[in-house]
Amino acid sequence: LAKTLAKLLAFETSQNIAQDLLDREDGEQKLNDIGSEVDRKYKIDKQSRAEWEKGSERAMDIALQVREVKNYPFEGAANIKYPLVTVAALQFGARAYPAIIDGTRIVKAQVVGNDSGVPIKDDNGDPKVDPLSQEPLWIKKPGEKRAKADRVSRHMSYQLLTEMEEWEEDTDVLLHHLPIVGCAFRKVWRSETLGRNKSEMVPAKHLVVNDKCRSLDEAPAVTHEIFLYPQDIEERKLSGVFLDIDLGSPAEADSDEDAPHMFLEQHRYIDLDEDGYKEPYIVTVHKDTCHVVRIVANYSVDEIKDNGKKIVRIPKEQYFVKYSFIPDPKGGFYDIGFGRLLESLGETIDTTINQMLDAGHLQN
């Protein structure tokens with residue numbers, strides 16, 4: 001047990017475990033196997049949500065009022081797209097935003113338990129008093145919990161509105177994206193580069209989870225599709241965050257040297273200490289080549305549970321927060337939004353308007 005914990009501690013403190021694995025004799029083959037497994041799992045999970053993915057793309061086209069060429073019942077026929085879903089999404093965002101950001105106190109802290117104070121008592125069970133002021137003496141003063149909650153509320157609100165510059169704008173985007181597609185995610189982590197907490201709104205189409213999973217905590221793998229420009233990749237190589245390997249040009253670069261590369265950041269389980277029990281890690285893989293560029297631990301050694309002989313549980317840290325609109329009636333992981341709920345009604349409105357316009361056109 002002690003040896004296993006020592007290995008896990010070394011992994012936890014490593015900036016890039018992939019670099020440590022390369023120092024082994026079979027390290028390169030190990031990384032190739034991990035990269036292939038990440039890509040395989042990503043494709044399986046993506047296929048499981050294929051139906052939802054088509055529906056979400058259709059919902060976004062409806063909201064953006066994307067029009068296709070229409071030559072029925074005659075060339076140049078009316079092709080009006082009534083903004084039913086668009087207006088519904090705007091109305092939701094306009095109502096939800098001020099309800100969440102209602103001033104400078106965003107975070108609310110709740111006081112749990114008795115906050116009336118704990119007096120110091122004498123041997124007879126009577127409250128002790130200060131001999132000079134005759135004021136009661138307290139272990140915990142009345143309202144101490146409330147004061148602590150207020151301090152937490154003020155500090156976290158300051159972090160969201162001032163330190164995390166992107167949080168408020170991302171919240172606005174999220175609240176307009178959510179009702180159309182049905183769900184959205186927020187990624188929150190500590191950025192060592194910026195020296196502060198960072199928040200990023202992640203569209204559901206770029207966060208791949210098997211549709212049979214019930215929650216992010218239960219998902220065996222969560223894959224975030226990340227796009228990085230060559231300059232960002234080079235900076236990560238120089239700082240030791242990424243392995244210094246040649247990734248070539250993106251498959252869809254079209255001779256653009258500055259085209260972004262797609263990476264798969266998969267939060268998954270791997271048995272790196274080879275004790276038969278998989279630990280949670282974050283593996284970043286270059287999509288086109290399946291090269292592993294980074295592996296970091298996604299656990300804290302202090303949180304590991306053991307029975308004195310062996311490890312029984314390693315809780316994983318959660319980076320993502322899921323925002324749901326309307327739960328999928330079929331029980332799928334991805335939820336539904338106005339794009340799916342109002343699709344048929346929107347098509348009926350579009351058809352009615354276009355038929356009236358076409359009839360008037362022909363009559364004239």
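The values are calculated or read from the model by the stated rules, or taken from the named source; none is laboratory data. Everything quoted here is computed from the prediction, not taken from an experiment. Cβ sites come from the backbone with ideal geometry, for glycine too, and all protein chains shown count toward neighbours. Just the protein is used for accessible areas: all its heavy atoms, side chains included, with ligands, DNA and RNA removed. Shrake-Rupley method; radii C 1.70, N 1.55, O 1.52, S 1.80 Å.
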- prompt: Got a sec to turn the phi values of region 185-198 into Karplus ³J(HN,Hα) couplings, 6.51 cos²θ - 1.76 cosθ + 1.60 with θ = phi - 60°, whole Hz, x for Gly and Pro?
  reply: 9, 10, 9, 10, 7, 8, 8, 6, 5, 8, x, 7, 6, 10
- request: Report the FRET efficiency, 1/(1 + (r/R0)^6), for residue 46 and residue 277, where r is their Cβ-Cβ distance and R0 is 41 Å, rounded to 0.05.
  value: 0.90
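Does the chain come out rounded, prolate or oblate, given a ≥ b ≥ c as the square roots of the eigenvalues of its C-alpha gyration tensor, rounded meaning a/c under 1.5 and, failing that, prolate meaning a/b above b/c?
Details: a/c = 2.44, a/b = 1.28, b/c = 1.90.
Cα axes put the chain in the oblate bin.
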message: Once ligands and nucleic acids are excluded and a 1.4 Å probe is used, how much of residue 223 is accessible, expressed in Å² to the nearest 10?
response: 0 Å²
- prompt: Using 7 Å Cα-to-Cβ label points, what is the residue 237/residue 303 separation (nm, one decimal)?
  reply: 3.4 nm
Sites residue 345 and residue 323 - FRET efficiency at Förster radius 25 Å, r taken between beta-carbons, to 0.05: 0.55
Protein-only accessible surface order, largest first, of 100, 336 at 1.4 Å: 100, 336
message: Give me the 1.4 Å probe accessible area per residue for region 93-208, excluding ligands and nucleic acids, in Å².
response: 62 Å²
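Heavy atoms only, 1.4 Å probe, whole protein assembly: order 154, 268 by accessible area, highest first.
Ranked list, largest accessible area first: 154, 268.
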field: Relative contact order, percent, the chain [alpha-carbon distance under 8 Å, six or more residues apart]
entry: 24 percent
field: region 181-229: GluC sites (Glu not before Pro) falling in loop per DSSP and having at most 16 other Cβ within 10 Å
entry: 192, 218
Neighbourhood net charge (13 Å Cβ-Cβ; Lys/Arg +1, Asp/Glu -1) for residue 114: +2
task: Run the numbers on region 160-316 and let me know its relative contact order in percent, using alpha-carbon pairs under 8 Å that are six or more apart.
output: 13 percent
- request: Using a 1.4 Å probe and counting only protein heavy atoms, arrange 291, 286 so the residue with the most accessible area comes first.
  value: 291, 286
query: Highest mean first, what order results for 42-49, 109-116 on Cβ atoms within 10 Å?
result: 42-49, 109-116
query: At a 1.4 Å probe, what is the % contribution of carbon and sulfur to the accessible area of the chain?
result: 51 percent
- request: First select every other residue whose beta carbon is under 11 angstrom from the beta carbon of residue 84; then total the charges, Lys and Arg +1, Asp and Glu -1.
  value: -2
query: What FRET efficiency do you get for residue 155 and residue 363 if R0 is 45 Å and r is their Cβ-Cβ distance, rounded to the nearest 0.05?
result: 0.10
message: What does the charge count around residue 316 come to, taking other residues whose C-beta lies under 13 Å from its C-beta (Lys +1, Arg +1, Asp -1, Glu -1)?
response: -2
- prompt: So how exposed is residue 24, as accessible area in Å² (1.4 Å probe, rounded to 10)?
  reply: 90 Å²
field: Value at 222 nm in deg cm²/dmol, rounded to 500, when DSSP H runs of n ≥ 4 in the chain each add -39,500 (n - 2.57)
entry: -12000 deg cm²/dmol
For region 345-354, Karplus couplings with θ = phi - 60° (6.51, -1.76, 1.60), whole Hz, Gly/Pro x: 5, x, 5, 5, 5, 4, 5, 4, 5, 5
query: Once both axes come from the Cα atoms, what is the angle between helix 27-48 and the longest principal axis of the chain, in degrees from 0 to 90, rounded to 10?
result: 60 degrees
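Using packing as a proxy for protection, rank 11-18, 255-262, 292-299 so that the peptide with the highest average count of other Cβ atoms within 10 Å comes first.
Values: 11-18: 17.4, 255-262: 12.5, 292-299: 21.6.
Most protected by this proxy first, the peptides run 292-299, 11-18, 255-262.
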- line: Looking only at lysines whose Cα falls under 19 Å of residue 148's and that sit 8 or more positions away or on another chain, we get 108, 140
task: Please label the shape of region 1-142 as rounded, prolate or oblate, based on the square roots a ≥ b ≥ c of the eigenvalues of the alpha-carbon gyration tensor (a/c under 1.5 means rounded; beyond that, a/b larger than b/c means prolate, else oblate).
output: oblate
field: region 124-215: relative contact order as a whole-number percent, Cα under 8 Å and 6+ apart
entry: 18 percent
